[in-house]
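Have a look at the structure that comes next, please.
The values are calculated or read from the model by the stated rules, or taken from the named source; none is laboratory data. Treat the numbers as computed from the prediction; the structure is a model and nothing was measured. For neighbour counting, all protein chains shown are included, and Cβ atoms are generated from backbone atoms with ideal geometry for every residue, glycine included.
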Amino acid sequence: MDFKAILTEALKSRKFQFAIVALVFVTVLPLFVRSPYLVGHVFMSMIIFALYASSWNLLAYSGQGSLGHAAFLGIGGFASALVAIRLGVPPIVGLFIGGLLSAGLGLLVGLACVRLKSWFLAMVTFGFSIIIVTIVSEFDDVFGGMIGFATPSFLPQVLPFYYGTLAIVTSSIVAIFWVMKSKWGFAFKAIRENELEAKMIGINTAKYRLLAFIISTFFAGLAGGLLAESQLFIQNDIFSAENSFLPLIMAVIGGLGTIEGPIIGSIIIVSIDSFAPLAYPLLQPLNPLFPGVSTVGPSLQFVGLGLFLIVVVIFLPKGITSLLHKLYDYLREDETKKVKEK
Amino acid sequence: MKLTSMIPLTISSGLAQALLFGVVNGCIYILLATGLNLIFGVMKLVNFAHGELLMVGAFVAYEVTTIAGLNPYVSILVSMGAVALIGILLEKFAFRKVRGTEKLNEIFISLGLIYVFQNLATLLWVENYNIQIPSPLSGLSLPLGEVLLSYDRILAIVIVIVILIGLVLLTKKTKIGLAMRATSQKSDAAMLMGININRVYTFTFAVGAALAGAAGALYGIILPFNPAIGALPTIKAFAIIILGGLGSIPGAVIGGLLYGIAENATGYLTNGTWQDAVAFALLIIVLVIRPTGLFGEKGE
């Protein structure tokens, strides 16, 4: 099939049309919403975490659920910032160096994990993130310790950086989509469904599990670099357990194993994170009920988040995405009915 | 490690003290690990929120001791009962719903539970500071050569031993224990033999949770605690299961003691910074060499 045929084929696909509309939307959005906080912080976090959650999602696509992905996010962030500051590498190149270094360490962790079942693997990745944060905190003359240090960004803030990030993230997610739909993606899926059977039909499971690890950690590192550059600042709390759990929560709530799931999840979770504090004053009357805290807002928010995750896993195993698909099908059915009636 | 400032210690006696404390910490880990091991062995369920039950147990014991004025060692029983009740609810309304689906779903559910428990505990009890269960024995210690061991810690070891003996008797000598063992070997066959699998699962989860509750009460008597203490012990308990092998109580005892001692010794020798990192590094090395754990069997 030549390029033109692929393009016409793609243009017909409803998903592709949605993607184009969404892309146009996020491109023109900052031209209308002029608040630097919304563009530079909220929208930027959504975009960067969409990539980070997608990278986690790709790893889970091969049946490997990491509980320590923040290690790779942080390595990417620190490496990209350090090579830019210490060695004078242009920040845009630093981003990719960060990604490659993260992928290199991802290869090592992947090698350790290649024979492990899901929950042993979860433990090893979690342990790895603890080891990394200990090392980074210990050598605080290099890594800045609790205080952190300022990082350069590869384009000036806010708008140029926004579009640069959007371009990098979009092409990365397209690459992830391509991997998921390629022969590799089929191998990942086969391993996730049943590793023994995958082996029996001749898939080199170790190779593909490692590939998933390398690709996923590369993009996690890239996301880490972007995160550091977007905040103009990095400190060792980038390795927090919360950052390890967030991509998981985003991917699961959005829709595990789909390309749009982590993106939708990132939009939902970042929105909750950014806009829930606006509702805190409304919760003020509840304060006397809870003696443990000075203000109930943040804790209630996280209780809600936990319950949300549990409810989605139990009642919507395919995430919010499946709900949107159903809604879309329902609307289309209505349309076809109307057409038929006419 | 308050003791080090009170009496001048040589390096060797300081290390001995750390090792002794390691044994006590190990005992708490053993309770947590056997509970997890039981749940995993019978239900093939991985509950990363198990440590949150420990945390809840500590707070329940604290409430019972400070408000109702009960002896802290009696409060252990209350805490076991309360946490077992929570366990029953969790099994019925959360974990049962995803049984038989993908393994990752259990990890997701337990992650959600971690968020819920930690933040609820923060709302109900304390935010940023540590509390400790007041014990009538606090401050009293038994001198053992150059080192001191408080009576609270000695009692903790005794209680753990008693609970473990009770657990062995429960699984080996009772009818429900037989049903649990049968279910753990082959749940389908057990069901065909007329065992009510759901009831066995609920009971198993309740027992595992009760062990975590006891571990929590003991933790609260020995060490200061806050709503965030649950996360690391869970991972350590998993490490112990991996070291000691799945489904084996003696394995968990050996693994727990080894882990507690190794952790406290590294903590002592490196001022606490490398404590967790070294423990996890060892764990990863063990898993790389033996993917099913030190004494683990083939299979899951």
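Being at pLDDT below 85 and among the polar types (S, T, N, Q) is the filter here; which residues of the range A:263-286 pass it?
Answer for the range A:263-286, where residues must be at pLDDT below 85 and among the polar types (S, T, N, Q): just A:Q284.
Here is a further query. For B:Y219, indicate whether it is part of a helix (DSSP H, G or I), closer than 30 Å to B:V116 by Cβ and in contact with a strand residue (DSSP E or B) (Cβ under 7 Å, 6 or more places away or on another chain).
Details: part of a helix (DSSP H, G or I): yes; closer than 30 Å to B:V116 by Cβ: yes; in contact with a strand residue (DSSP E or B) (Cβ under 7 Å, 6 or more places away or on another chain): yes.
So B:Y219 fits the description; yes.
Sticking with this structure for a sec: Determine whether B:I114 is closer than 30 Å to A:E193 by Cβ, within 18 Å of the chain's Cα centre (by Cα) and either assigned to a helix (DSSP H, G or I) or more than 10 Å from chain A (Cβ to nearest Cβ) (or both). First the steps, then the outcome.
Working: closer than 30 Å to A:E193 by Cβ: yes; within 18 Å of the chain's Cα centre (by Cα): yes; either assigned to a helix (DSSP H, G or I) or more than 10 Å from chain A (Cβ to nearest Cβ) (or both): yes.
Yes; evaluated as a whole, the condition is true for this residue.
Take A:L116 and tell me if it is under 18 Å from A:S62 (Cβ atoms), surrounded by fewer than 17 Cβ atoms within 10 Å (Cβ to Cβ) and of a type in the set (A, V, I, L, M).
Values: under 18 Å from A:S62 (Cβ atoms): yes; surrounded by fewer than 17 Cβ atoms within 10 Å (Cβ to Cβ): no; of a type in the set (A, V, I, L, M): yes.
So A:L116 does not fit the description; no.
Further question: Scan the range B:226-252 for residues that are at the interface with chain A (Cβ under 9 Å from one of its Cβ atoms) and at pLDDT below 85 and jot them down. Before the answer, list the steps.
Step one: list which residues in the range B:226-252 are at the interface with chain A (Cβ under 9 Å from one of its Cβ atoms), which gives B:227, B:231-232, B:235, B:238-239, B:242.
Matches in the range B:226-252: B:A231, B:L232, B:I235, B:F238, B:A239, B:I242.
Look through the range A:183-228, keep the residues that are among the polar types (S, T, N, Q) and not in a helix (DSSP H, G or I), and return whichever of them is farthest from A:L82 (Cα to Cα).
The initial filter retains those residues of the range A:183-228 that are among the polar types (S, T, N, Q), namely A:194, A:204-205, A:216-217.
Keeping just the survivors that are not in a helix (DSSP H, G or I) gives A:194, A:204.
On the way: A:N194: 41, A:N204: 37 Å.
Here the residue is A:N194.
Please go through (1) free of Cβ contacts under 8 Å to residues at least 24 places away in the same chain; (2) over 20 Å from B:A49 (Cβ atoms) for B:T101 and return the number of the only condition it doesn't satisfy.
Answer for B:T101: the failing condition is (2).
May I ask you to verify whether A:S62 is within 14 Å of chain B (Cβ to nearest Cβ), in contact with a Phe, Trp or Tyr (Cβ under 6 Å, 6 or more places away or on another chain) and either polar (S, T, N, Q) or farther than 30 Å from B:I285 by Cβ (or both)?
On the way: within 14 Å of chain B (Cβ to nearest Cβ): yes; in contact with a Phe, Trp or Tyr (Cβ under 6 Å, 6 or more places away or on another chain): yes; either polar (S, T, N, Q) or farther than 30 Å from B:I285 by Cβ (or both): yes.
Answer is yes for this residue.
What single numbered condition from (1) closer than 21 Å to B:G251 by Cβ; (2) buried (at least 24 other Cβ atoms within 10 Å of the Cβ) fails to hold for B:V23?
Only one criterion in (1) closer than 21 Å to B:G251 by Cβ; (2) buried (at least 24 other Cβ atoms within 10 Å of the Cβ) is unmet by B:V23, namely (2).
Can you tell me how many residues within the range A:290-342 are of a type in the set (A, V, I, L, M), surrounded by fewer than 14 Cβ atoms within 10 Å (Cβ to Cβ) and not in a helix (DSSP H, G or I)?
0
What is the number of the single condition among (1) crowded, with 18+ Cβ neighbours inside 10 Å; (2) at positive phi; (3) of a type outside the set (S, T, N, Q) that B:G145 does not meet?
So B:G145 meets the others, but not (1).
It is to be established whether one or more residues within the range B:51-69 are among the β-branched types (V, I, T), free of Cβ contacts under 8 Å to residues at least 60 places away in the same chain, assigned to a helix (DSSP H, G or I) and surrounded by fewer than 24 Cβ atoms within 10 Å (Cβ to Cβ). Give the steps one after another, and end with the answer.
Going residue by residue through the range B:51-69, those that are among the β-branched types (V, I, T) are B:56, B:60, B:64-67.
Those left that are additionally free of Cβ contacts under 8 Å to residues at least 60 places away in the same chain: B:64, B:67.
Of the ones still in play, those that are also assigned to a helix (DSSP H, G or I) are B:64, B:67.
Checking the rest, the ones that are also surrounded by fewer than 24 Cβ atoms within 10 Å (Cβ to Cβ) come to B:64, B:67.
Yes; the residues of the range B:51-69 include at least one that is among the β-branched types (V, I, T), free of Cβ contacts under 8 Å to residues at least 60 places away in the same chain, assigned to a helix (DSSP H, G or I) and surrounded by fewer than 24 Cβ atoms within 10 Å (Cβ to Cβ).
Now for a different question. Take the conditions more than 14 Å from chain A (Cβ to nearest Cβ) and more than 23 Å from B:G166 (Cα to Cα) and apply them to B:N264. Does it pass?
Working: more than 14 Å from chain A (Cβ to nearest Cβ): yes; more than 23 Å from B:G166 (Cα to Cα): yes.
Against the criterion (more than 14 Å from chain A (Cβ to nearest Cβ) and more than 23 Å from B:G166 (Cα to Cα)), B:N264 qualifies.
Being out of contact with any strand residue (DSSP E or B) (no Cβ under 7 Å at 6 or more places or on another chain) and touching a residue at least 60 places away in the same chain (Cβ under 8 Å) narrows it down to one of B:V207, B:V158, so name that one.
Details: B:V158 fails: touching a residue at least 60 places away in the same chain (Cβ under 8 Å).
When all the criteria are applied, what remains is B:V207.
State yes or no: is A:G297 more than 10 Å from chain B (Cβ to nearest Cβ), modelled with pLDDT of 80 or more, under 30 Å from the mean Cα position of the chain (by Cα) and under 22 Å from A:T321 (Cα atoms)? Before the answer, list the steps.
Working: more than 10 Å from chain B (Cβ to nearest Cβ): yes; modelled with pLDDT of 80 or more: yes; under 30 Å from the mean Cα position of the chain (by Cα): yes; under 22 Å from A:T321 (Cα atoms): no.
Spelling it out, it is not the case that A:G297 is more than 10 Å from chain B (Cβ to nearest Cβ), modelled with pLDDT of 80 or more, under 30 Å from the mean Cα position of the chain (by Cα) and under 22 Å from A:T321 (Cα atoms).
Which of the residues spanning the range B:267-289 are more than 7 Å from every other protein chain (Cβ to nearest Cβ), exposed (fewer than 15 other Cβ atoms within 10 Å of the Cβ) and modelled with pLDDT under 80?
Step one: of the range B:267-289, the residues more than 7 Å from every other protein chain (Cβ to nearest Cβ) are B:267-272, B:275, B:278-279, B:282, B:285-286, B:289.
From what is left, the residues that are exposed (fewer than 15 other Cβ atoms within 10 Å of the Cβ) are B:270-272, B:285, B:289.
Across the range B:267-289, the qualifying residues are B:T270, B:N271, B:G272.
Could you tell me how many of the residues in the range A:220-263 are within 14 Å of chain B (Cβ to nearest Cβ), β-branched (V, I, T) and surrounded by fewer than 24 Cβ atoms within 10 Å (Cβ to Cβ)?
0
Among the listed residues A:S274, A:S266, which satisfies the condition of being away from every other protein chain (no Cβ under 14 Å), under 24 Å from A:L38 (Cβ atoms), over 14 Å from the mean Cα position of the chain (by Cα) and in a helix (DSSP H, G or I)? Spell out how you get there, then give the answer.
Values: A:S266 fails: over 14 Å from the mean Cα position of the chain (by Cα).
Of A:S274, A:S266, the one residue that is away from every other protein chain (no Cβ under 14 Å), under 24 Å from A:L38 (Cβ atoms), over 14 Å from the mean Cα position of the chain (by Cα) and in a helix (DSSP H, G or I) is A:S274.
Before we move on, is A:S45 touching a Phe, Trp or Tyr at 6+ places or on another chain (Cβ under 9 Å), in a helix (DSSP H, G or I), closer than 22 Å to A:T151 by Cβ and of a type in the set (S, T, N, Q)? Full working, then the answer.
Working: touching a Phe, Trp or Tyr at 6+ places or on another chain (Cβ under 9 Å): no; in a helix (DSSP H, G or I): yes; closer than 22 Å to A:T151 by Cβ: yes; of a type in the set (S, T, N, Q): yes.
It is false that A:S45 is touching a Phe, Trp or Tyr at 6+ places or on another chain (Cβ under 9 Å), in a helix (DSSP H, G or I), closer than 22 Å to A:T151 by Cβ and of a type in the set (S, T, N, Q).
So, one more: Among the numbered criteria (1) under 11 Å from the mean Cα position of the chain (by Cα); (2) of a type in the set (V, I, T); (3) farther than 25 Å from B:I114 by Cβ, which one does A:I249 miss?
Result: A:I249 passes all but (3).
Scan the range A:152-163 and report the pairs whose first residue is part of a helix (DSSP H, G or I) and whose second residue is of a type in the set (D, E, K, R) and surrounded by 15 or more Cβ atoms within 10 Å (Cβ to Cβ), with Cβ atoms within less than 8 Å and a gap of 6+ or a chain change.
As it stands, the answer is A:F161/A:E229, since those pairs meet every condition given.
Determine if the range B:156-173 includes at least one residue that is within 14 Å of another protein chain (Cβ to nearest Cβ), assigned to a helix (DSSP H, G or I) and not small (G, A, S).
If we filter the range B:156-173 for residues that are within 14 Å of another protein chain (Cβ to nearest Cβ), which is where we start, we get none.
No, that holds for no residue.
Can you say whether A:G76 is in the same structural domain as A:R115 (by TED's automatic domain parsing), in a helix (DSSP H, G or I) and within 21 Å of A:A150 (Cα to Cα), as far as the supplied structure shows? Walk me through how you get there before you give the answer.
Numbers: in the same structural domain as A:R115 (by TED's automatic domain parsing): yes; in a helix (DSSP H, G or I): yes; within 21 Å of A:A150 (Cα to Cα): yes.
When the stated conditions are applied, A:G76 passes them.
When only residues in the range A:85-100 that are at pLDDT 90 or above and small (G, A, S) count, which is surrounded by the most Cβ atoms within 10 Å (Cβ to Cβ)?
If we take residues in the range A:85-100 being at pLDDT 90 or above and small (G, A, S), then A:G98 is surrounded by the most Cβ atoms within 10 Å (Cβ to Cβ).
Is it the case that the range B:86-108 has a residue that's surrounded by 24 or more Cβ atoms within 10 Å (Cβ to Cβ), more than 8 Å from chain A (Cβ to nearest Cβ) and under 23 Å from B:G26 (Cβ atoms)?
Taking every residue of the range B:86-108 in turn, none turns out to be surrounded by 24 or more Cβ atoms within 10 Å (Cβ to Cβ), more than 8 Å from chain A (Cβ to nearest Cβ) and under 23 Å from B:G26 (Cβ atoms).
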